[in-house]
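No lab work stands behind these numbers, since they all come straight from the coordinates. If you're wondering where the values come from, they're calculated on a predicted model, not measured in any experiment. Here the Cβ is made from the backbone with ideal geometry for all residues, glycine too, and neighbour counts use every protein chain on show.
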């Protein structure tokens, strides 16, 4: 499983923001392949959220690992984003 | 080198209510489950070794003041928050034991009131023959200290202090030999700026004091300079006042940082120990303990190399490095 940290957070943020610029009503971020994010990864999510606010896009985090769920809780980021257990729930909810 | 924490709160000193003690005693009695203690020593050992820290002890409420003690020579201390009163009294006691000069070196992170409020109560400043040198990255440090002792704010004017008080402005990127230590500083993001300090002793042990530093979300690429500054440090004392979520939302631009940014910077820098510092004054002992537990878990989840030892500073903590 991958990690989003200071080595790749910039590219991660740029990719998210490029997707948001297409102004979809919802962006589902599938976290199944991510083991954990450090503060750089989480702050990249915040940059994406700020761009999403401008384009009225809702970001949903899907299929976080157990470790990722813990990181979201420890950082307080679980209060910022809706977290879905499955892609179906993320897309349909 | 010994690092002594005399004040670990940010913003405002706090003091427990009467009910805080009753709560702790009640929780301790429940934990004791009717156990009998032969004497006070046994009871103390139970409180200190078997109870959760937030029940048997507490994190204290004095504002920022951290001593860097090389064991000889002049006394060295970071900031003059309300914890400086006890520091000052303790140094006078140590002077009475002999072998140290009546000389104190302060290193100021910045000039906000929680970091200067203790100076009017720093007893050595009233001692004729004492030498007090205040080092700061700020050229207006003397102005800030004099201002807080103007008559409108305080009954004892700055000029009544009998010690020989000198102010020295330091430059980031330069190393200074001060007493037994080599000292360098780095500018940090905070209103009116703040400065972090790195202290190295003759054996090569190093400690970093980095409080009141914000890591802005639009300047994350600049964090590499702090990583370089703290590289390989034996102890990093870092501002961990807010959750990451708070630091990027309602408390953005308030000039502080989070526990998980501190862990990440220390991991990247290969630092050995991190002391959580500048505790939010609204946090109870239980809140701070919970934050410490969360930080330990985060360090474990994100560790890729050597383990970072995460301490939670409290008034009275002494760390040997």
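Within the listed set B:142, B:42, B:222, the residue fluctuating most in the Gaussian network model of chain B (springs between alpha-carbon atoms under 10 angstrom) is B:42.
In terms of surrounding Cβ atoms within a 10 Å radius of their Cβ, A:88, B:50, B:299 rank from fewest to most as A:88, B:50, B:299.
Just check the stretch A:1-91 against the gyration tensor rule for me: Cα atoms, a ≥ b ≥ c as the square roots of the eigenvalues, rounded for a/c under 1.5, and otherwise prolate or oblate depending on whether a/b exceeds b/c. Taking the square roots of the gyration eigenvalues as a ≥ b ≥ c, the stretch A:1-91 is oblate. Separation of the stretch B:22-49 from the stretch B:63-117 is 34 Å, based on Cα centroids.
For the stretch B:163-321, the ratio of Cα radius of gyration to the globular rule of thumb 2.2 N^0.38 Å stands at 1.04. The tail of the calculated P(r) for the stretch B:109-246, taken as Cα-Cα distances beyond 20 Å, holds 54 percent of the pairs. Pair-distance distribution P(r) for the protein assembly as shown, from all Cα-Cα distances in 10 Å bins starting at 0: 4, 21, 28, 23, 15, 7, 2, 0 percent. Going by neighbour counts of Cβ atoms within 10 Å, the residues A:54, B:20 line up, fewest first, as A:54, B:20. Between B:290, B:273, B:200, the Gaussian network model of chain B with springs among Cα atoms under 10 angstrom shows the greatest mean-square fluctuation at B:290. Taking only the Cα atoms of chain B, the ratio Rg/Rh comes out at 0.97, with Rh defined as the Kirkwood radius. The distance from the alpha carbon centre of the stretch B:248-278 to that of the stretch B:130-207 is 23 Å, rounded to a whole number.
The calculated 222 nm mean residue ellipticity attributable to helices in chain B amounts to -8500 deg cm²/dmol, summing -39500 (n - 2.57) over DSSP H runs of n ≥ 4 and dividing by all residues. Spacing of the modelled spin labels on residue B:218 and residue B:146, each 7 Å from Cα toward Cβ, amounts to 3.7 nm. Restricting to the protein assembly as shown, what percent of DSSP beta bridges are antiparallel, rounded to 5? Percent antiparallel among DSSP bridges in the protein assembly as shown is about 35.
By the count of neighbouring beta-carbon atoms within 10 Å, fewest first, A:1, B:80, B:117, B:220 end up ordered A:1, B:220, B:117, B:80.
If you count the DSSP beta bridges with both ends in the stretch B:86-205, what percent of them are antiparallel, to the nearest 5?
In the stretch B:86-205, DSSP labels about 45 percent of beta bridges as antiparallel.
Which one of B:34, B:81, B:58 has the biggest mean-square fluctuation once chain B is modelled by GNM with Cα springs under 10 Å? In this elastic network of chain B, the residue with the biggest mean-square fluctuation among B:34, B:81, B:58 is B:34.
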